[in-house]
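One structure is given below, encoded as structure tokens.
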Amino acid sequence: MIDIREERLPVSFFEKNRGKLASALPDRAIAVIFSGKAPVMSEDIDYPFFANRNFYYLTGIEQEESIFVFQKEGEVWREVLFLLPSDPEKEKWTGKRLTKDDAFERSGILDIRSLEESKVFLEKLLQEDISDISLEVDVPFGPSKDFERMVLSHRVKKNILSLAPILTRFRMKKEPCEIEMIRKAISLTEEAMREMARDIALGVSELELLATFEYALKKRGCFFEAFPSIVGAGEHTLCLHHSTPSGVLKEGDILQLDVGGRVSGVCADISRVFPVSGVFSEKQECLYDIVRTCQEEAILAVQPGITIRELNEITKKAAERELLKAGILSSGEDISKYYWHNVSHHLGHDVHDVCVREMPLEKDMVITVEPGIYVPQWGFGMRLEEDILVSENGCENLSFFFPREKEEIRKWVKEG
């Protein structure tokens, strides 16, 4: 059984990312980025905290109310990390906070200060002769938005440079250590899905299956899934992000899974379809074959230079051809009646990772290939999803070992 508790991206990864940032910022610029803070759910209960992925990408730190300040001066730069100070009383309630040594071990940042010093530090920084302040300007609320307002209202006006486009282009291309973590996240997901498949049977609820899958992740050390798991049977397969798993598996149903584990902050994203009885009906088998054909043609097209838009058009044409051949689509009928979503998105520190969609794919990018076709008059739809690494001359299917052919799928339902 996989155990991911000790998996961690190396400090050198975060140091390299900060070096990339230095190369992209103009001289005498600063960047300020916040880890975030969990909003209040009610009274004194907060929602679970999950660190801003750009903050994590630069620092390796997951603790809330942290601030990273990066200042470039010629060929050198200064890095300062602000953290919540030790507070024995509060730590009785919320757990131990990172010490400076803990934070250095994760980030490689030497200058680590108490959060209490940040206000004076930032105010003084705004007085300095700096060319640009780089911020995440599209964040709608929270500490980052508060600081943006502070900059805009400051008596010494500064030019604000959006940080997101800079980091997006870096995050689109994966380092070897990130690719290795994606592989591990996919293996983790396969183990958890296999464990869940043992419970597929008539009368079992979607919620039971979801709980089995997520328990299998957590007992292997996965604290956060890559995204809210999607487990839907029967007509619920027609809801793309089915989030209320209240259904019960019935005779003749198919079960749609769209799930992913997370290792060291990096995601997997896999979709599979299982016949609840262990055997596909004639219509289910017909649709499964169409989706598989669409997926195979899309995967074969993945290579450096192609865009996600072009991949989507290839998939739509394959879907139209196969649906016409099967008599599901009529001549002249709009394919969007059955083809509801794009075939790919980038994958990484977010499950729908940041990207420039118009940018051609490059080596070491990781995307999904997930064609879906939905037939409301039949009462079901389905999608299959692989995680794909763009290579020098084509691509590699990182999730190749998951069951994909109909006989493999039947075997999983039968044997688990």
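Here are the numbers for the structure shown:
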quantity: Those residues of the range 371-383 which are part of a loop (DSSP other than H, G, I, E, B) and buried (at least 24 other Cβ atoms within 10 Å of the Cβ), in sequence order; calculated: PRO371
quantity: Some residue of the range 252-270 being over 27 Å from GLU180 (Cα atoms) and assigned to a loop (DSSP other than H, G, I, E, B); calculated: yes
quantity: Test: residue in the range 93-106 that is farther than 23 Å from ARG53 by Cα and either in the same structural domain as GLY36 (by TED's automatic domain parsing) or in contact with a His (Cβ under 6 Å, 6 or more places away or on another chain) (or both); calculated: yes
quantity: Scan of the range 235-251 for residues that are part of a loop (DSSP other than H, G, I, E, B) and crowded, with 18+ Cβ neighbours inside 10 Å, ordered by number; calculated: HIS242, PRO245, GLY247, LEU249
quantity: Options ALA192, ALA185, ALA216: the member that is of a type in the set (A, V, I, L, M), in contact with a strand residue (DSSP E or B) (Cβ under 7 Å, 6 or more places away or on another chain) and not in a loop (DSSP other than H, G, I, E, B); calculated: ALA185
quantity: Conditions (1) of a type in the set (A, V, I, L, M); (2) farther than 21 Å from LEU21 by Cβ; (3) within 26 Å of the chain's Cα centre (by Cα); number of the one not met by VAL120; calculated: (3)
quantity: The listed residue being surrounded by 14 or more Cβ atoms within 10 Å (Cβ to Cβ) and not assigned by TED's automatic domain parsing to the domain that holds PHE34, out of ILE160, ILE186, ILE166; calculated: ILE186
quantity: Candidate set: the range 83-115, residues that are farther than 20 Å from SER12 by Cα and aliphatic (A, V, I, L, M); chosen: the one surrounded by the most Cβ atoms within 10 Å (Cβ to Cβ); calculated: LEU83
quantity: Positions within the range 285-310 being among the hydroxyl-bearing types (Ser, Thr, Tyr), over 22 Å from ASP253 (Cβ atoms) and surrounded by 16 or more Cβ atoms within 10 Å (Cβ to Cβ), in sequence order; calculated: THR293
quantity: So ILE130, is it of a type outside the set (Lys, Arg) and assigned by TED's automatic domain parsing to the domain that holds LEU81; calculated: yes
quantity: Residue that is surrounded by the most Cβ atoms within 10 Å (Cβ to Cβ), among those in the range 341-356 that are in contact with a Leu (Cβ under 7 Å, 6 or more places away or on another chain) and of a type outside the set (D, E, K, R); calculated: VAL343
quantity: Hey, VAL351 farther than 28 Å from PHE280 by Cα and touching a Gly at 6+ places or on another chain (Cβ under 8 Å) or not; calculated: yes
quantity: Any hit, the range 273-292, residues being under 17 Å from the mean Cα position of the chain (by Cα), at negative phi and at pLDDT below 95; calculated: no
quantity: Residues satisfying the stated conditions in the range 91-138, i.e. part of a strand (DSSP E or B), in contact with a helix residue (DSSP H, G or I) (Cβ under 7 Å, 6 or more places away or on another chain) and within 30 Å of GLU6 (Cα to Cα); calculated: ILE112
quantity: Residues within the range 387-410 that are in contact with a Phe, Trp or Tyr (Cβ under 7 Å, 6 or more places away or on another chain) and part of a strand (DSSP E or B), tallied; calculated: 0
quantity: Set GLY265, GLY332: member being buried (at least 21 other Cβ atoms within 10 Å of the Cβ) and either among the small types (Gly, Ala, Ser) or free of Cβ contacts under 8 Å to residues at least 60 places away in the same chain (or both); calculated: GLY265
quantity: Criterion: in the same structural domain as THR237 (by TED's automatic domain parsing), farther than 30 Å from ASP253 by Cβ and of a type in the set (A, V, I, L, M) - qualifying residue of MET150, MET181, MET193; calculated: MET181
quantity: Within the range 171-182, tally of residues that are of a type outside the set (Asp, Glu), surrounded by fewer than 19 Cβ atoms within 10 Å (Cβ to Cβ) and under 17 Å from the mean Cα position of the chain (by Cα); calculated: 3
quantity: Residues within the range 373-404 that are out of contact with any Asp or Glu (no Cβ under 6 Å at 6 or more places or on another chain), under 26 Å from ALA192 (Cβ atoms) and of a type in the set (Ser, Thr, Tyr), tallied; calculated: 1
quantity: Unique residue being at pLDDT 95 or above, in contact with a strand residue (DSSP E or B) (Cβ under 8 Å, 6 or more places away or on another chain) and over 23 Å from VAL351 (Cβ atoms) when the list is GLU148, GLU178, GLU117; calculated: GLU117
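The values are calculated or read from the model by the stated rules, or taken from the named source; none is laboratory data. Keep in mind that what you see is a predicted model, and the values were worked out from it rather than measured. Using ideal geometry, Cβ is built from the backbone for each residue, glycine included, and neighbour counts are taken over all protein chains shown.
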